[in-house]
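Quick note: the coordinates plus some simple rules give every number you see, no bench work behind them. The structure presented is a predicted model; accordingly, all values stated were derived computationally and were not measured. Methodologically, a virtual Cβ is constructed for each residue, glycine included, from the backbone with ideal geometry; neighbour enumeration extends over all protein chains shown.
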Amino acid sequence: MDIAITGASGLIGRALATDLRRDGHRVVAVSRNPAALRGLDALAWDPAVGRIDRGGFEGIDAVVHLAGAGIGDHRWTDAYKREIRESRELGTRLLAETLASLQRPPPVLVSGSAIGYYGDRGDEVLTEQSPPGRGFLAEVCIGWEAAAAPATEAGIRTTLIRTGIVLSAEGGALAKLLPLFRLGLGGRMGSGRQWWSWISIADEVRAIRWLIDHDLSGPVNLTAPTPVTNAVFTKILASVLRRPAVVPVPAFAPRLLRGAELADELLFASQRVEPAVLAGSGFTFSAPDLEGALRDILDRTKEADR
């Protein structure tokens, strides 16, 4: 298959591209700087100015759209919040409208979203049928998903992947936590009662490939079936690393360091998400429980370092 990926240089995109190429598929990276992507076929685009290599998408078998400005990379100034929102809405709309205009459009578009769609919901169990929540990230996800509508209206099977906390030693939340926990300086964040819905990078990639190959559309939660509270998450991580977890992080610290809005929505918001659609489709997780997922990730890291 020929599969185009936006965000191919990001954490999920890199892992997906590697996995697809390993199985003999042709990966086409969609990038603002295609010349820098050595070893990959590439198409040029620049959503900020509405530029895209339209002809390069003709005859592509599937498109996976993962591009967007990093959510936790900077403090949420008004300017950066606008960049987060526009990088998703403008890019998704440009891509969806382009695919809809093709003579030979791809049969499927897997388009990014996130469990931030649900907002801070306490202990409520959330499925794809749950209504959106409140807050900046919920607003971003609502607009992000709506921007994919032109592809759906053109008859392209469009899946909106509401991804949880992706666990990988190479980036994301886990990579930031590991150095502290290895030093024995980790602990719960705030009260620790907030639910963290996670998925291993391996299952994230497997789920995206499943959605390319199976007749599913609309929102799909990409989270493991066993969400845990932050207190349980940090306890299990410390146990796997054979370190104590006795240094709780008071809520004021990340609020002071990263800004209250970012900290509250990324670290302290509670989202107890169930992958109802994915599980109902017959998908099986290779890492359904947190301890097994963490051990597998860390074992792979050790092997790579040898």
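Over the stretch 140-285, what number does the Rg to Rh ratio reach, with both radii from the alpha-carbon atoms and Rh per Kirkwood? Let's see the in-between values first.
Numbers: Rg = 17.2 Å, Rh = 16.8 Å.
That ratio is 1.03, to two decimals.
So what's the net charge close to Val125: Lys and Arg +1, Asp and Glu -1, counting the other residues with Cβ under 14 Å from its Cβ? The partial results should precede the final answer.
Details: positive: Arg121, Arg272; negative: Asp123, Glu124, Glu128, Glu274.
Summing Lys/Arg as +1 and Asp/Glu as -1 gives -2.
For the stretch 1-52, what is one quarter of the convex hull surface built on the Cα atoms, given in nm²?
Values: hull surface 14.1 nm².
In nm², the orientation-averaged hull projection of the stretch 1-52 is 3.5.
Run the dipole for the chain about the Cα centre, Lys and Arg Cβ at +1, Asp and Glu Cβ at -1, nothing else charged, and hand back the magnitude in debye, nearest 20. Provide the component values of the computation, followed by the final result.
Working: 35 positive and 36 negative charges, 197 e Å.
Once rounded to the nearest 20, the dipole reads 940 debye.
In Å, what is the Rg of the alpha-carbon atoms in the stretch 79-208, and how long is Dmax?
17.2, 58
Find out how many positive minus negative residues lie around Ser113, taking Lys and Arg as positive, Asp and Glu as negative, among other residues whose Cβ is under 9 Å from that of Ser113. List each step's numbers first, then the result.
On the way: positive: Arg88, Arg162; negative: Glu145.
Result for the local shell: +1.
Counting Lys and Arg as +1 and Asp and Glu as -1, what is the net charge of the other residues whose Cβ lies under 13 Å from the Cβ of Gly292? Numbers along the way, then the final one.
Details: positive: Arg295, Arg300; negative: Asp203, Asp289, Glu291, Asp296, Asp299.
The answer is -3.
Show that you can apply the helix-only estimate: for the chain, add -39,500 (n - 2.57) for every DSSP H stretch of four or more residues, divide by all residues, and state [θ] at 222 nm to the nearest 500.
Working: 11 runs with 119 residues, N = 306.
Only helices count here, giving -11500 deg cm²/dmol.
Any idea which of Gly192, Ser217, Gly24 is furthest toward the positive side of the dipole for the stretch 2-305, if Lys and Arg beta-carbons carry +1 and Asp and Glu beta-carbons -1?
Result: Gly192, furthest along the dipole toward the positive end.
In debye, nearest 20, what is the charge dipole magnitude of the stretch 72-166 about its Cα centre with +1 on Lys and Arg Cβ and -1 on Asp and Glu Cβ, if you could check?
On the way: 11 positive and 13 negative charges, 43 e Å.
Approximately 200 debye in magnitude.
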